[in-house]
Amino acid sequence: MNTADKLLLFLKTHTEQWISGEVISQRLQISRTAVSKHVQNLKQKGYTIESATKKGYYFKQVSHLLLPEEIRYRLATENLGQKEISYFTETDSTNTQATLLAMRGAAEGTLVIAESQTKGKGRKGRSWLSPSVQGIYCSLILRAPFSPNQAPLITLLAAVAITETLLEVTGLPVQIKWPNDILLNGKKIAGILTEMSTEVDRIDYIIVGLGLNVATSSAAIPAEFRSKATSLLLSTGKIFSRVLLVQKYLQWFEHYYYDACQQGFEKIRTRWKELSAITGMYIKVEAFNHVYAGYVIDIDTDGSLLLRNGSGDTEKVLSGDIIHAVRRNTGKNIQ
Ligand code: BTN
């Protein structure tokens, strides 16, 4: 642990009291000038620390930013987020940055995270709105021991992990819309973008990008998307800790990922079906050059969607966008 981290830890474990610069300098074996310099740096990073002559320092509040030291503090994972966290105040896209790191050999579990993105990527060449400090924009690097055709299952895994996270932290009735949308009351609150590089029969690296609207204001959402998108703040009026959400997401992700590495994807498929907003619904899916229509009966072992069409046949949909979804009896729309 470097001196800055030691000072931060010391202050965090001595809250609700004044501590003199003298005491800190003795405990950390650094000069009082160094203490003052490190405290200034912490303040610049968004920590609220009061200073007064004769009294010393008073630690009031942690930073609201997604700083690596905050994410790592009491992070209950074995690997994900424990080694490298690459943090940006602003970047083009965390998926792009994660790809660059992966190409240079970054280890599995590396996390790239940003306060804002200028070229946030969504599925199918769409863009992902990334207003500063209002959301979570992050990408994980995995070196998954799977074959390339199992990659869609990693997207399902990420969808299950973020849904579990939101259920645990917020208690809100979030659901998954195949393949990668997370909905709250029928509106999109999060999305996942998985990109990979493969060898002939194995994945070299896979980048799992997550965008979650936490405190996104309605002003930040273009008018044409307001009926389709939401954030935790817009839906509840509450501010949720982004650091806690990232920590829990890494924990849930690791839990399911290790399970998949050892036992396969069955547990994830089962949980995905429980959390799915479309199980049993009549849907239409726009695929590359075809529109599929039918009742959702299952998710296949490779992550594709299984529909029962009007003739009673089972159709397999590998990828696409759900353009219509209604409940069997009520005719109630989900979006
Ligand atoms: C979608 O629903 O279309 C997927 C959206 C994924 C957005 C995230 S934000 C972090 C990561 N970096 C990107 O450029 N995209 C993903």
Quiz prompt | Residues of segment 34-47 satisfying the condition of being open to solvent by 60 Å² or more (accessible area, probe 1.4 Å) and either touching a residue at least 12 places away in the same chain (Cβ under 8 Å) or in contact with a Gly (Cβ under 9 Å, 6 or more places away or on another chain) (or both) | solution = Asn41, Lys45
Quiz item: In the set Ala144, Ala107, which member is open to solvent by less than 10 Å² (accessible area, probe 1.4 Å) and over 18 Å from Gln247 (Cβ atoms)?
Solution: Ala144
Exercise. Filter segment 117-141 down to residues that are open to solvent by less than 10 Å² (accessible area, probe 1.4 Å) and farther than 18 Å from Gln251 by Cα, then give me how many there are.
Key: 2
Quiz item: Do we find that Leu100 is aliphatic (A, V, I, L, M) and within 22 Å of Leu9 (Cβ to Cβ) in this structure?
Solution: no
Quiz item: Ala151: away from the ligand (no atom under 11 Å from the Cβ), touching a strand residue (DSSP E or B) at 6+ places or on another chain (Cβ under 9 Å) and more than 17 Å from Leu250 (Cβ to Cβ), yes or no?
Solution: yes
Quiz item: Of all the helices (runs of 4 or more DSSP H) wholly in segment 232-332, which have at least 3 residues that are among the aliphatic types (A, V, I, L, M) and either touching a Cys at 6+ places or on another chain (Cβ under 9 Å) or surrounded by 15 or more Cβ atoms within 10 Å (Cβ to Cβ) (or both)?
Solution: 232-236, 242-263
Quiz item: Counting only residues that are assigned to a loop (DSSP other than H, G, I, E, B) and within 14 Å of the ligand (Cβ to nearest atom), which one in segment 168-180 is most open to solvent (accessible area, probe 1.4 Å)?
Solution: Pro179
Quiz item: Checking Phe225 against (1) under 20 Å from Met103 (Cα atoms); (2) within 14 Å of the ligand (Cβ to nearest atom); (3) aromatic (Phe, Trp, Tyr), which single condition isn't satisfied?
Solution: (1)
Quiz item: Among (1) aliphatic (A, V, I, L, M); (2) surrounded by fewer than 22 Cβ atoms within 10 Å (Cβ to Cβ); (3) within 14 Å of the ligand (Cβ to nearest atom); (4) within 15 Å of the chain's Cα centre (by Cα), where does Leu100 come up short?
Solution: (4)
Quiz item: Do you know which residues across segment 181-207 are more than 21 Å from Phe240 (Cβ to Cβ), open to solvent by less than 10 Å² (accessible area, probe 1.4 Å) and within 15 Å of the ligand (Cβ to nearest atom)?
Solution: Ile206, Ile207
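The values are calculated or read from the model by the stated rules, or taken from the named source; none is laboratory data. What you see is a predicted model, and the numbers here were worked out from it, not measured in a lab. No Cβ is skipped: glycine too gets one built from the backbone with ideal geometry, and neighbour counts run over all protein chains shown. Heads up: the accessible areas ignore ligands, DNA and RNA and are worked out on the full protein's heavy atoms, side chains in. Shrake-Rupley method; radii C 1.70, N 1.55, O 1.52, S 1.80 Å.
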